[in-house]
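First up is the structure itself, then whatever we jot down about it.
The values are calculated or read from the model by the stated rules, or taken from the named source; none is laboratory data. Note that this is a predicted model, so its numbers are computed, not measured. Positions of Cβ are backbone-derived with ideal geometry, glycine not excepted, and every protein chain shown enters the neighbour counts. In case anyone asks, the SASA skips ligands and DNA or RNA and just uses the protein heavy atoms, side chains included. Shrake-Rupley method; radii C 1.70, N 1.55, O 1.52, S 1.80 Å.
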Amino acid sequence: MVGSLINAALAWMHIVSAIVWMGSIVFFTMVLAPVMRNLSPQARAELSIKMTPKFANFVRLFAILTIVFGLSLVLSITKGDLAALAPTTIWGIGISGGMTLTIIAIVLGFGISIPTSQKIVRLTQEMQRNPQSNAMAQIPRLQKRVAMMSITILALQFCIVALMVIAARV
């Protein structure tokens, strides 16, 4: 009884964290990035400087929470027997595949997307301090990198959801 309540609580926290993480990427990719392209350079710079640090921290937090609750749930369900993750069952394939794609999404987000976004903020601030700076030349390339990473991470997240649904059906 207690074990099933713990599993239910962990599953709920894992799912809610994943929804918030994925929702933030959907919002950025489908709403915010297209809107920002149509803003004046001054408005885009101001929004980027104010939003990027908070948004990056938000995404990091919910990505980490998703992993922590997911791993806790797997450990609780398997009672620590990680052999259950072997790709010999549908559940093992789904969970292991989802975990692998999650690691890839985290590496892309934490290793490329967020640092690139932070570099855009630094270059934007540099341009505001020194309008003669050549920082503007770098920003479009960096923005394309962030957009590409966001789309890639979003695609990975949809694949992760599919794998989790497959695992849950068993």
Portion, in percent, of the accessible area of the chain that falls on carbon or sulfur, probe 1.4 Å: 72 percent
Rough spin-label spacing in nm, given labels placed 7 Å along Cα→Cβ, for W12 and Q138: 4.7 nm
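Inverting the mean 1/r over all pairs of different Cα atoms, compute the Kirkwood radius of region 51-135 and quote it in Å.
Working: mean 1/r = 0.0647 Å⁻¹.
After inverting the pairwise mean of 1/r, the radius is 15.4 Å.
Under a Cβ-only charge scheme (Lys and Arg +1, Asp and Glu -1), can you give me the dipole magnitude of region 59-170 about the Cα centre, in debye to the nearest 20?
360 debye
Report the full-extension gain for the segment T89 to F158: residue separation times 0.36 nm, less the Cα-Cα distance, to one decimal in nm. Provide the component values of the computation, followed by the final result.
On the way: separation 69, 0.36 × 69 = 24.84 nm, distance 2.13 nm.
Full-extension gain reported as 22.7 nm.
Suppose R0 equals 35 Å. What FRET efficiency, 1/(1 + (r/R0)^6) with r the Cβ-Cβ distance, do V68 and V165 give to the nearest 0.05? The partial results should precede the final answer.
Values: r = 21 Å, r/R0 = 0.60.
Plugging the Cβ-Cβ distance into 1/(1 + (r/R0)^6) gives 0.95.
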The chain: calculated mean residue ellipticity at 222 nm from DSSP helix runs of at least 4, using -39500 (n - 2.57): -28500 deg cm²/dmol
Evaluated over the chain, the Cα radius of gyration and Dmax, each in Å: 19.2, 67
Total lysine pairs whose alpha carbons fall under 24 Å of each other in the chain (8 or more apart, or interchain): 5
